[in-house]
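Here's the structure we're looking at; comments come further down.
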Amino acid sequence: MGVLTTDSYICPKCNGVEVFSELHQTRASDEPETRFLTCKACKHGWREY
């Protein structure tokens, strides 16, 4: 599920501050990793590139 963070990210759907965060290499190795975020409260998921 990833690492639970508090106050580092805010859910765009419910404004929750407890968010699970995971890093994955989804593109070429010379590109930065993609951070996958999931809200603990409403389970909404989003990405940061």
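Couple of notes before you dig in:
- Close contacts from region 1-19, counting a first residue that is modelled with pLDDT under 90 and a second that is in a loop (DSSP other than H, G, I, E, B), with Cβ to Cβ under 8 Å and a gap of 6+ residues or different chains, come to THR6/VAL17; ASP7/VAL17.
- Criterion violated by THR34 - all others in (1) more than 8 Å from the chain's Cα centre (by Cα); (2) modelled with pLDDT of 95 or more; (3) surrounded by fewer than 14 Cβ atoms within 10 Å (Cβ to Cβ) satisfied: (3)
- Counting only strands (runs of 3 or more DSSP E) that sit completely within the chain, zero hold 1 or more residues that are out of contact with any strand residue (DSSP E or B) (no Cβ under 7 Å at 6 or more places or on another chain).
The values are calculated or read from the model by the stated rules, or taken from the named source; none is laboratory data. Note that the structure is a prediction, hence the values are computed from the model and not measured. Heads up, the Cβs are rebuilt from the backbone with ideal geometry, glycines too, and the neighbour counts pull from every protein chain shown.
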